[in-house]
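So the structure is just underneath, and the comments pick up after that.
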Amino acid sequence: MNALLQLGQDILQNQSFSQLLGTQLDRFEPGQAVLSLVIRDELKQQHGFLHGGVVSYLADNALTYAGGSVLGDSLTVEYKINYLRPAIGERLIARASVLSAGKRQAVCQCEVFALANGEEKRVAVAQGTIRKAGQ
């Protein structure tokens, strides 16, 4: 395992909410991050879809990981999410990448997919600004 991925997994272990949801860091390298979680009944809303707050959380965290991969310790300044379809399936996957980065902030994008029966369907897209912590 590379040092950046190990650092990212250590950070994730210290995020209580991420642990509650069962989030995994699947990929973490300069400019990119992939996070995922198992879709469970406890995370669904009344129509049987994964709750939008869970989708939004995973996008936000993936955006911050992507930005943090080039900035270091970072926080989300803002982000926007567009829901494209209900998240139904076994797993939720968020893939984020850096679009542009300076010394103190980065603009990142994220696509969120639901994996069902071996097929991924895009359920949301997000874009955000990530800032180096303490700036």
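Worth pointing out:
- The GluC sites (Glu not before Pro) of the range 1-105 that meet both conditions, a loop assignment by DSSP and at most 14 other Cβ atoms within 10 Å of the site Cβ, are E90.
- Counting lysine pairs in the chain that sit 8 or more residues apart in sequence, or on different chains, and whose Cα atoms lie under 22 Å apart gives 5.
- Cut-off under 5 Å, modelled amide H: who pairs with A116 long-range: E90, K121
- Within the range 50-65: backbone nitrogen closer than 20 Å to the K121 label point (7 Å, Cα to C-beta): 50-59
- Within the range 36-135: Cβ-based charge dipole about Cα centre, in debye rounded to nearest 20 (Lys, Arg +1; Asp, Glu -1): 320 debye
- A Förster distance of 41 Å, applied to the separation of the beta-carbon atoms of V107 and R40, puts the FRET efficiency at 0.80.
- Compared with the direct C-alpha span, the chain from I88 to N14 gains 23.8 nm at full extension, assuming 0.36 nm per residue.
- Computed extension length for H47-L4: 11.6 nm, one decimal, from 0.36 nm per residue of separation with the Cα-Cα distance subtracted.
- Mean Cβ count within 10 Å, highest first, over the residues of peptides 100-108, 28-36: 28-36, 100-108
- Computed over the chain, the P(r) tail beyond 18 angstrom holds 50 percent of alpha carbon pairs.
Throughout, read-outs are computed from the coordinates displayed, never taken from laboratory work. All values derive from a computational prediction rather than experimental measurement. Neighbour counts are summed over all protein chains in view; Cβ atoms, including those assigned to glycine, are modelled from backbone coordinates with ideal geometry.
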